[in-house]
Amino acid sequence: MTDTSPPVYGYVASKGKEALRKRMHRIEGQVRGIEGMIAGDRYCIDILTQIAAVETALEAVAFKILDDHVSHCVANALASGDEAVAAEKSRELLEAVHRFTRTR
């Protein structure tokens, strides 16, 4: 019998989904605030400071998702004993890390 249930990803398994959604809503508010600062002709440095805060907040979300991915998805693939699945998850992880660090 084949399991047809959808996969459970690391951030869901760690019960972090709602916390991540709340963080993303706060970040969305920060971005809107930056738009308002521009519309209100705020000082350049103040706007840049807020942009840096948004980048830091997004980076924190990304690291949390990456951590959950390694702790759950990659760990389960390695523990499965299936070398092909473990190799695929390892490849995905390395590609994600490369994409993530390339933007820095």
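All of the numbers you see were taken from the coordinates with simple rules; none came from a lab. Predicted model, so just to flag it, every value in this text is computed and none were measured. Cβ: placed from backbone, ideal geometry, glycine included. Neighbour counts: every protein chain shown.
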Length added when fully stretched, Thr101-Cys44, from 0.36 nm per residue minus Cα-Cα: 17.8 nm
For the range 7-52: rounded, prolate or oblate by the Cα gyration tensor [a/c cutoff 1.5]: prolate
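How high is the relative contact order of the range 1-101, given as a whole-number percent (alpha carbon pairs under 8 Å, six or more residues apart)? Write down the numbers at each step before the final one.
Numbers: 45 pairs, mean separation 33.0, N = 101.
So the answer I get is 33 percent.
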Positive dipole terminus of the range 1-99, leading residue within Ser90, Ala75, Gln30 (C-beta point charges): Gln30
Dipole in debye (nearest 20) - the range 23-104, about Cα centre, beta carbon charges: Lys, Arg +1; Asp, Glu -1: 180 debye
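Which FRET efficiency value, to the nearest 0.05, do you get for Leu93 and Gln30 by plugging their Cβ-Cβ distance into 1/(1 + (r/R0)^6) with R0 = 30 Å? Mind dumping the intermediate values first?
On the way: r = 29 Å, r/R0 = 0.96.
Here the calculated transfer efficiency is 0.55.
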